[in-house]
Amino acid sequence: MRFLSFHCESFSYDTTERSRSPIYEELNEENKEGHLDNVIVLFISVEKKDESDESILENTKKEIKSICSQLKVKNIILLSFAHLFAQLSSPKFALNTLKQLETNLVKDGFTTIRPPFGWFNELEIKAKGHPLSRISRRI
């Protein structure tokens, strides 16, 4: 798994149209659009090798929590982002992994938004500019 992390003053999304993914989530009033302030935005790519790594969820959660702790942030956006790596997992595995990651982070007290999988989104990002405002990780 790979991700790019941005510490943002604010983040908003509005779902626009379906992507080419054969797997997608149904839109509803709760997931069609979203907004959080003082947020860590994670652009996440789930890789093929993650499908055989039983520790991937726990290790990813641990890394995200470490970043959030350093920045004193409790709000997280989990955004599927297939553009970070060429050898992607199956769409079904990626969706299930992101859902489980979201559930685990919520259980740990984070406010988490995950835009719907399989859709394009219009994004509004106001990123902060400090030494830890942009971080990349490979788990």
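The values are calculated or read from the model by the stated rules, or taken from the named source; none is laboratory data. These figures come from a predicted structure and were not determined experimentally. Virtual Cβ from ideal backbone geometry, glycine too; neighbours counted across all protein chains shown.
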Reported set for the range 2-26 where residues are out of contact with any Phe, Trp or Tyr (no Cβ under 7 Å at 6 or more places or on another chain) and either modelled with pLDDT of 95 or more or basic (Lys, Arg) (or both) is 5, 6, 7, 8, 9, 10, 11, 12, 13, 14, 20, 26
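Table: residues versus (1) under 15 Å from residue 137 (Cβ atoms); (2) out of contact with any Pro (no Cβ under 7 Å at 6 or more places or on another chain); (3) assigned to a strand (DSSP E or B).
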site	(1), (2), (3)
13	no, no, yes
40	yes, yes, yes
66	yes, yes, no
98	no, yes, no
109	no, yes, no
116	no, yes, no
Every listed condition ((1) in contact (Cβ under 8 Å) with a residue 60 or more places away in the chain; (2) over 19 Å from residue 135 (Cα atoms); (3) touching a Leu at 6+ places or on another chain (Cβ under 8 Å)) holds for residue 100 save (1)
Identify, please: which residue in the range 33-84 is closer than 13 Å to residue 115 by Cβ and surrounded by fewer than 18 Cβ atoms within 10 Å (Cβ to Cβ) and is, among those, nearest to the chain's Cα centre (by Cα)?
-> 81
